[in-house]
Amino acid sequence: MLARDPYEGLQRVQSASGNIAGFGWGPVKYVLMFGPEANVFLFGNSGLFTVREAFDVLVPVNGETALIASDGEAHKRRRRLVQPAFHRRRIDGYIARMAENTDALLDTWREGETLDAYASFRELTRRTTVQLLFGDRLAADEDLLSGELQTLLDGIDRPYSQLVALRSVPNPFWRRVIEARAAVLDRLMREIADRRMDPTPRQDVLGLLLDSRDEEGGGLTDVELQDQAISLMAAGYETTSAALGWAVHLMLTTEGVWERARRELPPGPLTAETLRDCVYLDHVVNETLRLFPPVVMSARKVAEDFVFEGHRVPAGAMLIYSPYVTHRMESVWPDAETFRPDRWDPASPGHTPATPASFLPFGGGQHRCIGSALATTGIKVALARLLARAELEHTGAPVQPRSITAMRPRDGVPVVVKEMRPA
């Protein structure tokens, strides 16, 4: 059931079994824990779990030292070195570039045409993400953008069972993924070598990572640099573009949302201050991430036996938790299946206070996605420019989800461009 339809399957398991369920055969055991109480336990007892084995299947793409596959002191050190690149003031400095790139995309749209809004924003997100992470030189490399990098990203866009199978036997798909990673790494390492020879400060993420130092004066090794760069790209690209696709779909199919969000937009260019004034747009983004979180479910390997709600969970089991299920529990989010941005307004009668355990689109605890603020800013900037310049109409075609690593519209979000306004 989980393999056939993970979205309905996870909800059915929670409905039937409550906050904890399990399955497995012999030494292979899986435990599913649902809801805020389970999330509080999981994030508050990180010593009971490891992530390395849980995400082993992603290591051939993301790398051995990527944050997503790091545990213990190594993870803490790498996260401290990466964190400065994602401070709020750094992200605010990216807003103008995000808006510029969105306008460049919108300049290609024509009134009367039907297009896939998700596919358009996917291309935008890939280019912008490469620019912000690696700089203009790599972002201008079309072969890298549309070739090896996309092949590499496709390498983790498979169900867990398929990834295990693909790695276990020789096959053309996995060979292409490994070859693409080698090509991307070669280009990335040449960029790193050039920058080590040229001390000119750069404000993209790679430049900041090169300059980052810990308390002892040490920095990231070349292997750590390349692994962080690739894993950040993999984490930010699909999740941001998927959220943009869902937001357009929901705004166009929910009466009054598009118009209300557009009326709130400030005049003039977007800045950090004017973007923060778009409060209703914040609510739209949060509500989109609630209904369609980037990660449907995530995992930890149980390192020590523990007891949760009277059930013993043995060491060695694979623990699965689900932001998707938490976000759609009626006991946590009343009228949970309905897209209702006003639930985020403290002044609204239907306001539902959110906590890190009840709203976790980017995970939680020590392994919460380090680029979450960058992703949400990118989503909000793109939507603000879209609202300012375009009037769209949904075609009415059904939009269904796919994938559990970055839940996105299966067949895109087809829209008709009714009107375009100049930048």
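The values are calculated or read from the model by the stated rules, or taken from the named source; none is laboratory data. Note that the coordinates shown come from a computational prediction; the quantities given were computed from them, not determined experimentally. Counting neighbours? That spans all protein chains shown, and the Cβs are built from the backbone with ideal geometry, glycine included. Just the protein is used for accessible areas: all its heavy atoms, side chains included, with ligands, DNA and RNA removed. Shrake-Rupley method; radii C 1.70, N 1.55, O 1.52, S 1.80 Å.
Tabulated data
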{"read-out": "Failed condition for residue 54, given (1) open to solvent by 30 Å² or more (accessible area, probe 1.4 Å); (2) out of contact with any helix residue (DSSP H, G or I) (no Cβ under 8 Å at 6 or more places or on another chain); (3) more than 17 Å from residue 308 (Cα to Cα); (4) touching a residue at least 40 places away in the same chain (Cβ under 8 Å)", "value": "(1)"}
{"read-out": "Condition broken by residue 329, with the remaining ones in (1) open to solvent by less than 40 Å² (accessible area, probe 1.4 Å); (2) touching a Pro at 6+ places or on another chain (Cβ under 9 Å); (3) modelled with pLDDT under 95; (4) not hydroxyl-bearing (Ser, Thr, Tyr) satisfied", "value": "(3)"}
{"read-out": "Residue within region 374-391 that is part of a loop (DSSP other than H, G, I, E, B) and either of a type in the set (A, V, I, L, M) or in contact with a strand residue (DSSP E or B) (Cβ under 8 Å, 6 or more places away or on another chain) (or both) present", "value": "no"}
{"read-out": "Answer residue from region 1-36, given it is more than 18 Å from residue 330 (Cβ to Cβ) and of a type in the set (Phe, Trp, Tyr) and is most open to solvent (accessible area, probe 1.4 Å) among those", "value": "25"}
{"read-out": "Flag for residue 81 being in contact (Cβ under 8 Å) with a residue 12 or more places away in the chain and in a helix (DSSP H, G or I)", "value": "yes"}
{"read-out": "Positions within region 93-140 being polar (S, T, N, Q) and in a helix (DSSP H, G or I), in sequence order", "value": "101, 102, 120, 125, 128, 129, 131"}
{"read-out": "Every residue from region 306-317 that is assigned to a strand (DSSP E or B) and exposed (fewer than 12 other Cβ atoms within 10 Å of the Cβ)", "value": "307, 312"}
{"read-out": "Candidates 261, 235 - the one that is open to solvent by less than 10 Å² (accessible area, probe 1.4 Å), of a type outside the set (Ser, Thr, Tyr) and in contact with a Cys (Cβ under 9 Å, 6 or more places away or on another chain)", "value": "261"}
{"read-out": "Flag if residue 417 is over 26 Å from the mean Cα position of the chain (by Cα) and open to solvent by less than 10 Å² (accessible area, probe 1.4 Å)", "value": "yes"}
{"read-out": "Residue 352 under 23 Å from residue 15 (Cα atoms), at pLDDT 95 or above and surrounded by fewer than 22 Cβ atoms within 10 Å (Cβ to Cβ)", "value": "no"}
{"read-out": "Pair list, Cβ under 6 Å, 6 or more apart: region 1-29 residue over 13 Å from residue 326 (Cα atoms), other residue open to solvent by 80 Å² or more (accessible area, probe 1.4 Å)", "value": "9/1"}
{"read-out": "Close pairs from region 269-280: first surrounded by 12 or more Cβ atoms within 10 Å (Cβ to Cβ), partner assigned to a loop (DSSP other than H, G, I, E, B), Cβ under 6 Å, at least 6 apart", "value": "274/266; 277/266"}
{"read-out": "Identity of the residue in region 373-399, over 29 Å from residue 92 (Cβ atoms) and among the β-branched types (Val, Ile, Thr), that ends up surrounded by the most Cβ atoms within 10 Å (Cβ to Cβ)", "value": "399"}
{"read-out": "Residue within region 174-193 that is open to solvent by less than 20 Å² (accessible area, probe 1.4 Å), touching a residue at least 60 places away in the same chain (Cβ under 8 Å) and either assigned to a helix (DSSP H, G or I) or closer than 21 Å to residue 370 by Cα (or both) present", "value": "yes"}
{"read-out": "Region 209-227 - residue that is in a helix (DSSP H, G or I) and in contact with a Lys or Arg (Cβ under 7 Å, 6 or more places away or on another chain) and, of those, surrounded by the fewest Cβ atoms within 10 Å (Cβ to Cβ)", "value": "210"}
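Rundown of residues vs (1) of a type outside the set (S, T, N, Q); (2) in a helix (DSSP H, G or I); (3) closer than 22 Å to residue 367 by Cβ; (4) within 23 Å of the chain's Cα centre (by Cα), yes/no style:
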{"residue": "252", "(1), (2), (3), (4)": "yes, yes, no, yes"}
{"residue": "274", "(1), (2), (3), (4)": "no, yes, no, no"}
{"residue": "296", "(1), (2), (3), (4)": "yes, no, yes, yes"}
{"residue": "300", "(1), (2), (3), (4)": "yes, no, yes, yes"}
{"residue": "304", "(1), (2), (3), (4)": "yes, no, yes, no"}
{"residue": "319", "(1), (2), (3), (4)": "yes, no, yes, yes"}
{"residue": "325", "(1), (2), (3), (4)": "yes, yes, yes, yes"}
{"residue": "335", "(1), (2), (3), (4)": "yes, no, no, no"}
